[in-house]
Amino acid sequence: MATTTGSEGRPPYPPFTAETAQIKVKAAQDAWNTKDPAKVKLAYTPDSIWRNRSTFLQGRDEIEVFLTKKWQREHGYRLRKELFAFTADKIAVQFWYEWHDAAGQWWRTYGLEDWTFAPDGLMRKRQMSGNDVAIKDEERWFANDVDVNTVDISEKHW
């Protein structure tokens, strides 16, 4: 497939179906759970635009620096993403991730992301809004190497 970004692209490609949007979401979840900024940044166009909370970024180099610092602060990071909605070239996800700070306090971050894709399947825009809630160790969902996809997250948790 020809690409618009000069890279090999990343399937599945737009336009998305319910099945391909779900595949895209879980691929992003799995990549982010590696906590490897050099690998994660390759899912984005070279000039990708990000808003992560109050931080604005552009390009893979800024994304890699941002993610490196993020995962240096967020110890024990475990993420779950779920498809919220999609159109031909856009996907919205809800997510939850848990992490602890240097003092050992556990946190759960609840949030939403808005993604827009280039024709080659790379993400050209990402917006994230999230809220951090302090939790006790015994309240963790993603403890003890549990498969994050098997945790029952229902409306009572929202």
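The values are calculated or read from the model by the stated rules, or taken from the named source; none is laboratory data. The model shown is predicted, which means the values in this text are computed figures rather than measured ones. All Cβ positions, glycine included, derive from the backbone under ideal geometry; neighbour counts span all protein chains shown. Just so you know, the surface numbers come from the protein's heavy atoms only, side chains and all, with ligands and any DNA or RNA stripped out. Shrake-Rupley method; radii C 1.70, N 1.55, O 1.52, S 1.80 Å.
Descriptive notes on the structure:
- Candidate set: segment 95-122, residues that are open to solvent by less than 10 Å² (accessible area, probe 1.4 Å) and among the aliphatic types (A, V, I, L, M); chosen: the one nearest to the chain's Cα centre (by Cα): L122
- Residues of segment 65-78 that are open to solvent by less than 60 Å² (accessible area, probe 1.4 Å) and hydrophobic (A, V, I, L, M, F, W, C): F66, L67, W71.
- Restricting segment 47-61 to residues that are out of contact with any Leu (no Cβ under 9 Å at 6 or more places or on another chain) and under 22 Å from R108 (Cβ atoms), the residue that is most open to solvent (accessible area, probe 1.4 Å): S54
- Residue in segment 126-135 that is within 24 Å of D47 (Cα to Cα), over 14 Å from the mean Cα position of the chain (by Cα), open to solvent by less than 20 Å² (accessible area, probe 1.4 Å) and charged (D, E, K, R) present: no
Residue-by-condition table, conditions (1) surrounded by fewer than 14 Cβ atoms within 10 Å (Cβ to Cβ); (2) basic (K, R):
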residue: E8; (1), (2): yes, no
residue: A28; (1), (2): no, no
residue: W32; (1), (2): no, no
residue: A38; (1), (2): yes, no
residue: I63; (1), (2): no, no
residue: R80; (1), (2): no, yes
residue: V93; (1), (2): no, no
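- Close pairs (6 angstrom Cβ cut-off, 6 or more residues apart or separate chains): in contact (Cβ under 8 Å) with a residue 40 or more places away in the chain and closer than 13 Å to Y110 by Cβ in segment 84-96, open to solvent by less than 10 Å² (accessible area, probe 1.4 Å) and among the hydrophobic types (A, V, I, L, M, F, W, C) anywhere: V93/V25
- When every residue of segment 111-126 is checked against the conditions, none turns out to be of a type in the set (S, T, N, Q) and within 22 Å of K70 (Cα to Cα).
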